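Working notes, beginning with the structure itself.
The values are calculated or read from the model by the stated rules, or taken from the named source; none is laboratory data. Here the structure is a predicted model, which is why all the values come from computation and not from measurement. Quick reminder, even Gly has a Cβ in these numbers, built from the backbone with ideal geometry, and neighbours come from all protein chains shown. The area values use the complete protein model at the heavy-atom level, side chains included, leaving out ligands, DNA and RNA. Shrake-Rupley method; radii C 1.70, N 1.55, O 1.52, S 1.80 Å.
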Amino acid sequence: SFHVIEHISYDKVLFVFKEMYRTLESGGVLRIGVPDSGNAARAFVDNNFTWFERQFHNFPRAHKSIGGMLANFVLCVNEHKQLFDFSFMQELLQQAGFSEIVQKVAFATDYPDVYNNAVLDKEYESTPELPHTLVVEVKK
């Protein structure tokens, strides 16, 4: 699931993760990608316009200020219902029952038989040193 979970309201996210855990076969894996709010906060505090300008100066609304670009990334005109950094994602996944939770980067996986190049090539990351997308792999 890439760039979907952040559109689910807080009161339903844990339910969705629990359903993922319940329906996944033992030994099954999931790869989840969401906007990385932790890295957005770092870029904002560091006044890193470049991090935001590559994608978020005009989407979904045109902004020249770093605050406007942060709003684009975090809120996406109120489309995003949830913010995630690794600690919060891990907390919710653990509450859902997952114990093997690993933070990954775009294009890298511990499960190449499941997430081969046909899948990984669809991922996008313009700043691998400070990723826009938080990627997590979990195993049941």
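Among residues of the range 45-63 being modelled with pLDDT of 85 or more and either part of a helix (DSSP H, G or I) or β-branched (Val, Ile, Thr) (or both), the one that is most open to solvent (accessible area, probe 1.4 Å) is Val45. Restricting attention to the range 21-44 and to residues that are in contact with a Gly (Cβ under 9 Å, 6 or more places away or on another chain) and farther than 21 Å from Ile66 by Cα, the residue that is most open to solvent (accessible area, probe 1.4 Å) turns out to be Arg22. Taken over the range 84-95, the residue count meeting the criterion of being more than 13 Å from Gly38 (Cα to Cα) and in contact with a strand residue (DSSP E or B) (Cβ under 9 Å, 6 or more places away or on another chain) is 4. Tell me yes or no: at least one residue of the range 68-78 is of a type in the set (S, T, N, Q), at pLDDT below 95, under 28 Å from Ser26 (Cβ atoms) and out of contact with any Ser or Thr (no Cβ under 6 Å at 6 or more places or on another chain). No, the range 68-78 has no match at all.
Considering the range 15-26 alone, what residues qualify as being out of contact with any strand residue (DSSP E or B) (no Cβ under 7 Å at 6 or more places or on another chain) and over 30 Å from Trp51 (Cβ atoms)?
Phe15, Lys18, Glu19, Tyr21, Arg22, Thr23, Glu25, Ser26
Any residue at all in the range 75-83 that is in contact with a strand residue (DSSP E or B) (Cβ under 6 Å, 6 or more places away or on another chain), crowded, with 18+ Cβ neighbours inside 10 Å and farther than 15 Å from Thr127 by Cβ? The answer is no; no qualifying residue exists.
Taking first residues from the range 74-98 that are at negative phi and partners that are surrounded by fewer than 16 Cβ atoms within 10 Å (Cβ to Cβ) and in a loop (DSSP other than H, G, I, E, B), the Cβ contacts under 8 Å between residues at least 6 apart in sequence or on separate chains come to Glu79/Pro60; Lys81/Ser9; Gln82/Ser9. The residue that is farthest from Gln95 (Cα to Cα), counting only those in the range 1-44 that are of a type in the set (S, T, N, Q) and assigned to a helix (DSSP H, G or I), is Asn39. For the range 89-124, filtered to residues that are in a helix (DSSP H, G or I) and in contact with a helix residue (DSSP H, G or I) (Cβ under 8 Å, 6 or more places away or on another chain), the residue that is surrounded by the most Cβ atoms within 10 Å (Cβ to Cβ) is Leu93.
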